[in-house]
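Engineer: Have a look at the structure that comes next, please.
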Amino acid sequence: MSRSALMRRAREARFWLFDACFPLWSEKGSGDGGLFREGLTLDHSPMPEDTTRVRVQARQTFVFAQAAMLGWKPDTAMEDVEQGVRILSGLARRPDGLTGHRIHCDGSGLADVTPDLYDLAFALYALANASMVVQDGGSVLASARALMDAAEARLKDRTNGGYAEHLPPPQIRSQNPHMHLLEAFLALHVADPEGGYLDKAAKLILLFETKFTAGPGNLLGETFKADWSEPDGDAAMVVEPGHQFEWVWLLDLYSKLSGDALHPAAGRLYSFATGTLDSAGRTLLEVKRDGSVHNGGRRTWGQTEALQAHLMMLRLTGEESFAAAACTSFDILMDEHLTPEGGWIDYIDENGKTLSQFMPASTGYHVVLAFADLIQTMEA
């Protein structure tokens, strides 16, 4: 019964992407300067902007690469992908080959040249996905390799492991950009199997195992000291259920691509994160390691990561309970976060009040990725 219900939701996801989300962001999501907009107003209209983040250019490039893979208006999707590739390979780059942080919306160049590992990870991820749909995928992969070479030369932490989140290297380290770098490496391995990216992914898995999950309960921590040791104060005790879910399906993807057994942490993180869902099944922003609520608000992305983790467990076990959990996460998204016009209410507080002031374009990556996963899992 739950599987048939999930199939209906997979078809609904496809309908929403094709008839609402992709058209909205393709038609209104680019500015006069040829860059993807930072976001839209809550009534789905363009808003004035002077600069936009590199990560938005990357995430929107991914969105339209995924649209092309799913079969939505191939010519239109391809134009948007090619626009993104031009930006990520040109305007977004510094002279040393790294990406900067923000770009002037008129296309005149970088507004903030600070290298940011989070931005760079998404640029790599977008280029990997774009290479699979554009005609000249080889040149796109060459652009990704050049960016990776710059990261190895300028950002790699040869003492402690991982990569510097910014330059100069920060004293507070973060797992989040490394998680997305792992995601990028896995996508690049699919696109370029001889590129050595799976070896790079394995090193991040080791960092996850020895540093990110070394704290109490062996849960996923968020921030760390410069040597990846535990931070001081509340930072050591606060974790994000959404990121626990996100690592669950990333560990599964790594297992499938590497041939290694699924990392045992996947089950532990999934059990913890599901234990912190509220009574309706929503993913909360922050909890403490004992499971108590630290920030009961909720973001769209947390619900999408729960959906993907439930889908992974369904594929792994075939158990109906995971199909039912996936249905719940999908319904929360459709009922509370997504709009019929293809946008979203990104941030809701613990009392159900909307905190979002606009619709950030960057949220689309999470929704499209999760809905594509749902569609593919159910062969819809």
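The values are calculated or read from the model by the stated rules, or taken from the named source; none is laboratory data. Only a predicted model underlies this, so the values are computations on that prediction, with no experimental measurement involved. Cβ atoms come from the backbone with ideal geometry, glycine included; neighbour counts cover every protein chain shown. These area figures cover heavy atoms from the full protein model, side chains too; ligands, DNA and RNA do not enter into them. Shrake-Rupley method; radii C 1.70, N 1.55, O 1.52, S 1.80 Å.
Engineer: Positive end of the dipole of the chain, charges at C-beta (+1 Lys, Arg; -1 Asp, Glu), about the Cα centre: which of 97, 201, 176 has its Cα farthest in that direction?
Structural biologist: Farthest towards the positive pole: 201.
Engineer: Here is the link list: 225/256; 156/203; 203/256; 156/225. Which ones come out longer than 23 Å on Cα distance?
Structural biologist: Beyond 23 Å: 225/256.
Engineer: Taking every eigenvalue of the Cα gyration tensor of region 245-380, multiplying by 5 and rooting it, what semi-axes result, largest first, whole Å?
Structural biologist: The equivalent ellipsoid of region 245-380 has semi-axes of 24, 18, 13 Å.
Engineer: If you put +1 on each Lys and Arg Cβ and -1 on each Asp and Glu Cβ, how big is the dipole of region 60-204 around its Cα centre, in Debye rounded to 20?
Structural biologist: 380 debye
Engineer: Can you give me the convex hull volume of the Cα atoms of region 46-127, divided per residue and expressed in Å³?
Structural biologist: Measuring per residue, one finds 89 Å³ for the Cα hull of region 46-127.
Engineer: Taking H as built 1.01 Å from N, whose amide H comes closer than 5 Å to the amide H of residue 162, not counting residues under 5 places away?
Structural biologist: Close amide H contacts, sequence-distant or interchain: 157.
Engineer: Residue 345 accessible area, nearest 10 Å², 1.4 Å probe?
Structural biologist: 40 Å²
Engineer: Sticking to Cα atoms, compute the Rg of region 322-362 to one decimal and its Dmax as the biggest Cα-Cα distance, whole number, in Å.
Structural biologist: 11.5, 34
Engineer: Order 256, 156 by their accessible area, 1.4 angstrom probe, all chains in place, largest first.
Structural biologist: The ranking, largest first, comes out as 256, 156.
Engineer: If you don't mind, another one. How about residue 288: which aspartates and glutamates have a C-alpha closer than 18 Å to its C-alpha, ignoring those fewer than 8 places off in the same chain?
Structural biologist: Correct list for residue 288: 222, 230, 232, 234, 240, 246, 278, 349, 350.
Engineer: Moving to a separate point now. If amide H atoms are built 1.01 Å from N in the plane of the peptide, which residues on other chains or at least 5 residues away come under 5 Å of the amide H of residue 289?
Structural biologist: 239
Engineer: Further question: What value, in deg cm²/dmol to 500, does the helix sum -39500 (n - 2.57) over DSSP H runs of n ≥ 4 give at 222 nm once divided by the residues of the chain?
Structural biologist: Mean residue ellipticity, 222 nm, calculated: -16500 deg cm²/dmol.
Engineer: Let me ask something else. Starting from 0.36 nm per residue, how many nanometres of slack lie between residue 135 and residue 94 once their C-alpha separation is accounted for?
Structural biologist: This chain segment gains 12.2 nm when fully extended.
Engineer: I would also like to ask the following. How far is it, in nm, from the label point at residue 43 to the one at residue 234 when both lie 7 Å from their Cα along the line to the Cβ?
Structural biologist: Spacing of the two 7 Å Cα→Cβ label points: 3.7 nm.
Engineer: Evaluate Rg over Rh across region 116-234, taking Cα atoms for both radii and Kirkwood's formula for Rh.
Structural biologist: Value, to two decimals: 1.01.
Engineer: Please list, ordered by chain and number, the residues whose modelled amide H lies under 5 Å from the amide H of residue 339; skip anything fewer than 5 residues away on the same chain.
Structural biologist: 344, 345
Engineer: Along region 190-196, what does the Karplus equation 6.51 cos²θ - 1.76 cosθ + 1.60 (θ = phi - 60°) give for ³J(HN,Hα), rounded to whole Hz, x for Gly and Pro?
Structural biologist: After applying 6.51 cos²θ - 1.76 cosθ + 1.60, I find 4, 6, 9, x, 9, x, x Hz.
Engineer: Give the average over all directions of the projected area of the C-alpha convex hull of region 235-298, one decimal, in nm².
Structural biologist: Over all viewing directions, region 235-298 projects a mean Cα-hull area of 4.6 nm².
Engineer: Using θ = phi - 60° and the Karplus relation 6.51 cos²θ - 1.76 cosθ + 1.60, list the HN-Hα couplings for region 264-279 in order, rounded to whole Hz, with x at every Gly or Pro.
Structural biologist: x, 5, 4, x, 5, 5, 5, 4, 5, 4, 5, x, 9, 4, 6, 4
Engineer: In vacuo Debye scattering of the chain, one point per C-alpha: log10 I(q)/I(0) at q = 0.08, 0.13, 0.15 Å⁻¹?
Structural biologist: Here the Debye-derived log intensity ratios amount to -0.38, -1.10, -1.54.
Engineer: Ranked highest first by average number of other Cβ atoms within 10 Å, how do 107-119, 53-65 line up?
Structural biologist: Highest to lowest by the protection proxy: 53-65, 107-119.
Engineer: Related question: Alpha carbons only, please: Rg and Dmax for region 1-143, in angstrom.
Structural biologist: Taking only Cα atoms of region 1-143, I get Rg and Dmax of 16.0, 57 Å.
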